[in-house]
Each structure stands twice: as C-alpha cells, then as structure tokens.
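Okay, so here's the structure we're looking at.
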Amino acid sequence: MVDEQLVPRGIRDRRVLSAMSRVPRERFVPEHMVAYAYSDCALPIGEEQTISQPFIVAMMAQSAELSADDRVLEIGTGSGYGAAVLAELAGDVYSIERNTILARQSRERLQRLGYAHVHLRCGDGTKGWPDAAPFDAIIVTAGGPEVPESLREQLAIGGRLLIPVGRSPRHQSLRRVRRVSTDDYRNEGLGNVVFVPLIGEQGWHEEES
Ligand code: SAM
C-alpha cells in the first residue's frame, strides 16, 4: 500500500508513511472485507458509511502538517482508522462520530488496539468539541456545504483545518483553512474529492443528503 499507492502519488512525509505502515487497516474493516483491506479504494463499513481510501487518509494527514504534540480534532470517526493514523502522528486526538453504532464499534476497536490518547464522542461534529479547543489541526472526513463557523473558531492560531466542501452532498473540493491570526484565515484548494455528506447543524440537513 505504501510503496504502490502512497509514494507514487506524492506522499513524501516520512512520519506519515511510517504511520500508514504501522496501523493495521485489516482490523478496521468488516470481516467480509478483510481481503480488500489494502485495496486502493474506500470500503463499506456498515450504516451506509465508508472507511476512506488509504491515499486520501495519508494526503489529509500530510496536508495537516502534524507535530508529535499537536492536539487534533477529527470529525467523522467512522471505523476509527483515520483516528488511529492521527494518533500515531500527533498528541491527543479527539474524534466525533454522529452514528451511534459506528461510534460504539470504533470506541471498542481503538481501546482493543491500545489507542489510549484517542478521545471519542458521539454527536454532531459540525459544532466541534469546545471544551477541548483550541486544536492545532481539525480534519473533517465528510463533505459539507461550507466551512462550519464553530470549527474555524476552534482552530489555534497557526492551526490547519482540512475539510471537503461542495455544493452537492457527494462532490467536494478539499480545502485547507489556516488560521493566521485571531481574525485572519487563509484558504487553499487541494483538489476534487468524493466524501459522504457531513450531516448536522452546520452541515447538510438529513433530508438533503
Ligand atoms: N475517518 C473515517 C475512517 O477512518 O473510517 C472515515 C469516515 S466516513 C468517510 C465519514 C463519517 O462521518 C461517517 O461515519 C459519518 O457517519 C460521519 N459523519 C457525518 N456527519 C457527521 C457529523 N456531523 N458529525 C460527526 N460525524 C459525522
């Protein structure tokens, strides 16, 4: 996966490549999907949701420019795979999942695998995790109609927010928002992506998705 999918597509950060080689992806997919765990694609994890393609996980982690003691917020825990990769690269990781079944499964899985510094919450991640803010990086793994104001506000100065944003719930462009001062944010586009919809108060409404 690392040599054939990540390096040829431009993942150069050694820490990211090493994290991707350490996290056992087969432990994050349903049993009938284990044979495809290292395939170059997203896979179904139940509840109509997916574990993201390995390249996308690595690209978002690289673009977040993480240091070992960074505090990171992830929106969309899903299988818990992305949270485990972030935990290999940063300090405390906070992750929010809105689906109760996936939240329970990923909590049990991450505990079993020893990821003690991943903190999980079930709820609407578009509102962020105010008690644990500010964050050095925020990674949103579902696509919203715009950047949620709460997430921008919960970025530390110098912090990076990665989020797929698009006019339709299933086609987005990946944005990196960097907070350069209290009131100043810089926006960059990192290319087109396809994520499941971000559903919540500052995302899509359930019926729109
Ligand atoms: N990071 C995940 C992984 O490694 O398996 C991939 C997650 S999947 C592409 C996106 C997840 O976002 C889904 O599990 C979905 O239920 C969740 N989601 C959508 N809207 C959300 C919200 N407002 N708050 C929290 N989770 C949300």
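The values are calculated or read from the model by the stated rules, or taken from the named source; none is laboratory data. Note that the structure is a prediction, hence the values are computed from the model and not measured. Neighbour counts are summed over all protein chains in view; Cβ atoms, including those assigned to glycine, are modelled from backbone coordinates with ideal geometry. All accessible areas refer to the heavy atoms of the entire protein, side chains included, with ligands and DNA or RNA removed. Shrake-Rupley method; radii C 1.70, N 1.55, O 1.52, S 1.80 Å.
Annotation: peptides 155-166, 21-32, 74-85, 132-143, ranked by per-residue average of other Cβ atoms within 10 Å with the highest first, follow the order 74-85, 132-143, 155-166, 21-32.
Computed over the chain, the per-residue total of -39500 (n - 2.57) for DSSP H runs of n ≥ 4 gives a 222 nm mean residue ellipticity of -6500 deg cm²/dmol, rounded to 500. Give the distance, in whole Å, between the Cα centre of region 76-103 and the Cα centre of region 142-190. Answer, in whole Å: 19. Each peptide in 120-127, 4-11, 97-104 was scored by the mean count of other Cβ atoms within 10 Å over its residues; highest first, the order is 120-127, 97-104, 4-11. Proximity of backbone amide H atoms, modeled 1.01 Å from N, is registered between LEU73 and TYR94, ALA137, ILE138, ILE139 at under 5 Å, excluding neighbours fewer than 5 places apart on the same chain.
Among DSSP beta bridges whose residues both lie in the chain, state the antiparallel percentage, nearest 5. DSSP beta bridges in the chain are roughly 45 percent antiparallel. Rolling a 1.4 Å probe across the protein heavy atoms gives the chain an accessible surface of 47 Å² per residue. With all protein chains in place and a 1.4 Å probe, the accessible surface of region 2-208 carries 46 percent carbon and sulfur.
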